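Presented below is the structure to which this report refers.
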Amino acid sequence: MRTVTAPARPLLAVAALGLAVALTGCSGAGVRFTPATSTAAEGAAGADAPGAAGGTDAAASTDEIRLPEFPVYRVPDVSALTAAATRTRSAIAAAVPLPPGVEVTGARCDAKGAVVNRAGASGEGQTITDAGVSDIDADGGGQLVGDEVIYDVAADGSGQITAPDAVLAVEADGSGQYTGEIVYQVEADGSGSVVGEDSYDVAADGSGRWVGAAGVVENNGDGSGSWIGEYGEVVVNGDGTGTMNDAPITIAPMPKFALLGTLPKLAKLKPVGRPCGTLIRISAGLLFDFDSDAVRPEAQEVLAGVATALGGTTKRVQVDGHTDSKGSDAYNEDLSLRRAQAVVDALTAAGLDAPMTARGFGETRPVAANSTGGKDDPAGRQLNRRVEIVVPS
């Protein structure tokens, strides 16, 4: 009887589905859409420590079959989109197909130059700021009109953000829709759908269907389900047994699809940040193998596209590595720095001659929660493992 474990090192197309796109412009904390396997966690010995439980480099024999890692989705940061970011994203996509796991948006910075990726205005009445012209009510509702983005918010937090290539509509109960290259429909109970090159549907009980490059996953929400993919048809019974192409196998129960979560209410208009350039955020799972700082051969093509898009840049480019909170501070800082430097080296090798600096922040600048309600949050940690390329305006 063959043994099936989940997950292991995914194919590039599957790893790329750890799409880390965020709505940080309105709530400050960001919207996290968290479909991910409960075993997608990195081990406690380090952010990418070898042999970690559930880590993507767990020891595997040649007869093991591994279910694909379920994806992580977050709504894009519509409020921070700028013409420069849109041009950069288009240039990267022209050089290489822009895979899930790569986010290009406008960077917004605080007074010290740290990227905050938020937008807004201040004061009651009409205010003119770097973000645009705003009409603000006493209750914090109102409208902000910038060069590329219109931000409408009501006192109850509902409203709409309209950008050149995307629209986000939010209801007071947390439901809503994002329409762009990918369409997200979110219900108040956390269920909903994501439709793009892949499609993902999840019900309130964690059941659902994922159709993408990895194949078709049917999840019944009770540990059972099926996967039609590279190994044919794998059926999971939920009791430790299953079949592969009708042959019996042992296989752990299938983890539930995590709910999409709800959209945060839009923030009342207030001053946060200023436009300061373009931010390119790439999932570490797309760039590196488990506990490695060597750029994957498949990811070299993506970085070559980035280098082509940034070819005329003369200002200093900042490349920042980030990890989740597993492992020691020293381990995480060292790994994040090595990964940032590896990206700098890859961009240089691809022909980018702009000055670049690599920094490692370890776990100190998360974009999502590493734990929720006192429990480990593998999807949040997956989002925190990333490399960010900041190109000043």
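When region 286-307 is limited to residues that are assigned to a helix (DSSP H, G or I) and of a type in the set (Val, Ile, Thr), the one that is farthest from Val96 (Cα to Cα) turns out to be Val306. Of the residues making up region 317-365, those that are among the hydroxyl-bearing types (Ser, Thr, Tyr) and more than 21 Å from Arg381 (Cβ to Cβ) are Thr348, Thr357.
Within region 320-338, the set of residues being at pLDDT 95 or above and basic (Lys, Arg) comprises Arg338 only. Screening Gly196 with (1) under 24 Å from Thr105 (Cβ atoms); (2) of a type outside the set (Val, Ile, Thr); (3) more than 24 Å from the chain's Cα centre (by Cα) gives one miss only, at (3). Does any residue of region 200-221 turn out to be within 22 Å of Gly380 (Cβ to Cβ), free of Cβ contacts under 8 Å to residues at least 60 places away in the same chain, among the charged types (D, E, K, R) and surrounded by fewer than 21 Cβ atoms within 10 Å (Cβ to Cβ)? Taking every residue of region 200-221 in turn, at least one turns out to be within 22 Å of Gly380 (Cβ to Cβ), free of Cβ contacts under 8 Å to residues at least 60 places away in the same chain, among the charged types (D, E, K, R) and surrounded by fewer than 21 Cβ atoms within 10 Å (Cβ to Cβ).
Say we look at region 222-254 and pick out the residues that are surrounded by 21 or more Cβ atoms within 10 Å (Cβ to Cβ) and in contact with a Leu (Cβ under 9 Å, 6 or more places away or on another chain); which of these is nearest to Asp189 (Cα to Cα)? Once the filter is applied, the top-ranked residue is Met254. Restricting Gly174, Gly180 to those that are closer than 24 Å to Gly141 by Cβ and within 20 Å of the chain's Cα centre (by Cα) reduces the list to Gly174. Just one of (1) under 20 Å from Glu388 (Cβ atoms); (2) buried (at least 17 other Cβ atoms within 10 Å of the Cβ) fails for Gly311. It is (2). Does Ala342 satisfy the criteria of being assigned by TED's automatic domain parsing to the domain that holds Pro100, part of a helix (DSSP H, G or I) and not hydroxyl-bearing (Ser, Thr, Tyr)? When the stated conditions are applied, Ala342 passes them. Selection of first residues in region 247-268 that are farther than 30 Å from Gln143 by Cβ and among the charged types (D, E, K, R) and of second residues that are in a loop (DSSP other than H, G, I, E, B) and at pLDDT below 90, restricted to Cβ pairs under 7 Å at least 6 apart or on distinct chains, gives the following pairs, ordered by first then second residue: Lys256/Gly206.
If you go through region 147-196 one residue at a time, how many are crowded, with 20+ Cβ neighbours inside 10 Å and hydroxyl-bearing (Ser, Thr, Tyr)? Summing the residues that are crowded, with 20+ Cβ neighbours inside 10 Å and hydroxyl-bearing (Ser, Thr, Tyr) in region 147-196 gives 5.
Listed here are the residues, each with its yes/no results for (1) at pLDDT 70 or above; (2) not assigned by TED's automatic domain parsing to the domain that holds Cys276.
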position	(1), (2)
Cys109	yes, no
Ile136	no, yes
Asp156	yes, yes
Gly159	yes, yes
Ala163	yes, yes
Val167	yes, yes
Thr179	yes, yes
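In this structure, Val391 qualifies as within 20 Å of the chain's Cα centre (by Cα) and farther than 30 Å from Leu259 by Cβ.
The values are calculated or read from the model by the stated rules, or taken from the named source; none is laboratory data. All figures in this text were calculated on a predicted structure; none of them were measured in a lab. Glycine also receives a Cβ, built like all others from the backbone with ideal geometry; neighbour counts cover every protein chain displayed.
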